[in-house]
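Nothing in this text is a laboratory measurement; each read-out follows from the coordinates by a stated rule. Note that this is a predicted model, so its numbers are computed, not measured. Cβ sites come from the backbone with ideal geometry, for glycine too, and all protein chains shown count toward neighbours.
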Amino acid sequence: MTVPAAPAFGAPCPVTASPQTLALLASRRSASAQALRAPGPDAAQLADLLRLAARVPDHGKLAPWRFVVLEGEAKDAFVRRLQALVDRQAAPEKARAVLAKIALPPLTVAVISSPKPASIPLWEQQMSAGAVCMTLLLAAEAMGFGANWITDWYAFDPDARALLGVADTEQVAGFIHLGTPSEDPLERVRPDMSAIVQRWEA
Ligand SMILES: Cc1cc2nc3c(=O)[nH]c(=O)nc-3n(C[C@H](O)[C@H](O)[C@H](O)COP(=O)(O)O)c2cc1C
């Protein structure tokens, strides 16, 4: 599956209707992280996915996010180092159990919110990192992979953050686990739209 190159700088980017995109948005569902197996994206596919994920709205063009790729033996070593932190967690057995979500998928991308000193509010820079996570999920699904956006305790634990190389000024926006789902996810409850949509009236 070929992912088109980015338009040349300054080239027109016309709005184009995409029924396939609408179908994806109407039915997309996160895969269970524990159900993700090889094959995951290969090196070229991952490069495309990250390029697409970095193509998000970004007030001030600051690129206030970055990626840490966890794959192969390095990922196994990362998980072993997390296992060593489990007993220090408030609920060690649960903390150990949820490590399956990062241990089993063949590829994980940590999306790091990395705000820049600028006049753009911190909240806006952090929301842009959320957009990166969501775009990565959508792009992975469009490429035929399953994906799940997880934080879990190791996004917040100071030692786990240090292990990942997250600075004090940064946050883990999410671990995006990627692979091939061994089972189809089932549709979940969705919001009652009438409860969350209001029309402002003067
Ligand atoms: C920022 C963020 C963090 C999340 N962290 C977790 C988590 O730590 N553990 C978990 O089980 N689900 C977590 N989730 C939820 C999963 O992504 C869940 O699979 C997803 O919401 C399912 O909905 P979907 O199928 O519509 O994508 C998180 C979601 C978001 C947006």
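The table below gives the values:
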item: Cα shape, segment 126-202, gyration tensor, a/c 1.5 rule; result: oblate
item: Cβ-based charge dipole, segment 1-80, positive-most Cα from A23, L52, A63; result: A23
item: Loop GluC sites (Glu not before Pro), segment 93-198 (other Cβ atoms within 10 Å of the site Cβ: 16 or fewer; DSSP); result: E183, E187
item: Loop trypsin sites (Lys or Arg not before Pro), segment 55-90, which have at most 14 other Cβ atoms in a 10 Å radius of their Cβ (DSSP); result: R55, K61
item: Candidates W65, W153, W123, ranked by Gaussian network fluctuation over the chain, Cα under 10 Å, top entry; result: W123
item: For segment 30-182: rounded, prolate or oblate by the Cα gyration tensor [a/c cutoff 1.5]; result: oblate
item: Ranked C13, C133, criterion: other C-beta atoms within 10 Å, fewest first; result: C13, C133
item: Residue of P57, P92, P115 that the Gaussian network model of the chain assigns the largest fluctuation, springs spanning Cα pairs under 10 Å; result: P92
item: Order of F78, F175, F9 - criterion: other Cβ atoms within 10 Å of each residue's Cβ, fewest first; result: F9, F78, F175
item: Taking the chain and dividing mean pair separation by its residue count, relative contact order in percent (alpha carbons under 8 Å, at least six apart); result: 32 percent
item: The chain: most fluctuating residue of V166, V109, V15 per GNM, C-alpha cutoff 10 Å; result: V15
item: Whether segment 1-98 is rounded, prolate or oblate, judged on the alpha carbon gyration tensor where a/c under 1.5 counts as rounded; result: prolate
